[in-house]
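Heads up: the structure comes next, in structure tokens.
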Amino acid sequence: MTPTQFIQTYSDAIVKACIGTNIFPSVKMSQMAIETGWGRSIPANNAFGIKAKGAKSPYWDGAVYNARTKEVYNGQTVTITDGFRAYASVQDSISDHNYFLKQNQRYTRAGVFDAATPEDQARALQLAGYATDPEYANKLISIINRYGLKSLDEKKKHYC
């Protein structure tokens, strides 16, 4: 799937999932692009690489799959095997991503939901520890700008 096809395929689901939240669809779409390699890999319908920690949710029944993943610790990239949430559908993963962020206070404390711009939200996600990649926020911002994803933020405004 090309980036354009990926964006076309998931735009409506991403925008609709962000309605009623302070989550920018542009940020959510860029996160999904990074986590799935533009749709090349969505194991067990987990589109955001959410690990299988925490309580069940309305969108995740506790099912888990194990996978190898790269993490950055103290500046060193290591490969580990960890448990990830398995979903019945990609739509459940998209919905659970919002739920996951809202249920974890570290995202509130880092200002994820108070961000005035997609760039601020990307930085807040990194500050909260969403990903271990020290370039995570910069990668999100680059994708948002390169693919004009702020148009999704405008689309969300028209739904409200």
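As a length-normalised measure over Cα pairs under 8 Å and 6 or more apart, the relative contact order of segment 3-160 settles at 28 percent. Please report the base-10 log of the normalised intensity I(q)/I(0) for segment 70-152, using a Debye sum with one equal scatterer per alpha carbon and no solvent, at each q in 0.15, 0.27 (1/Å). Calculated log10 I(q)/I(0) at the listed q: -0.69, -1.26.
So what does log10 I(q)/I(0) come out to for segment 1-50 at q = 0.21 Å⁻¹, using the Debye formula with one equal point on every Cα and no solvent? Rounded to two decimals, the profile gives -0.70.
Evaluated at q = 0.11, 0.13, 0.15, 0.18 Å⁻¹, the base-10 log of the normalised Debye intensity for segment 1-87, with identical point scatterers placed on the Cα atoms, takes the values -0.36, -0.50, -0.67, -0.93. Listed by chain and number, the lysines placed with their C-alpha closer than 22 angstrom to that of LYS53 are LYS28, LYS70, LYS102; residues fewer than eight positions away on the same chain are left out. Highest mean first, the peptides 114-124, 55-65, 138-148 sorted by other C-beta atoms within 10 Å per residue fall in the order 114-124, 138-148, 55-65. If the cut-off is a Cα-Cα distance under 12 Å, which aspartates and glutamates reach LYS150, setting aside same-chain residues fewer than 8 apart in sequence? Candidates past the 8-residue exclusion: GLU119. In the chain, helices alone account for a calculated mean residue ellipticity at 222 nm of -15000 deg cm²/dmol, with every DSSP H run of four or more residues adding -39,500 (n - 2.57).
Coordinate-derived values only; no laboratory data. Note that this is a predicted model, so its numbers are computed, not measured. Cβ sites come from the backbone with ideal geometry, for glycine too, and all protein chains shown count toward neighbours.
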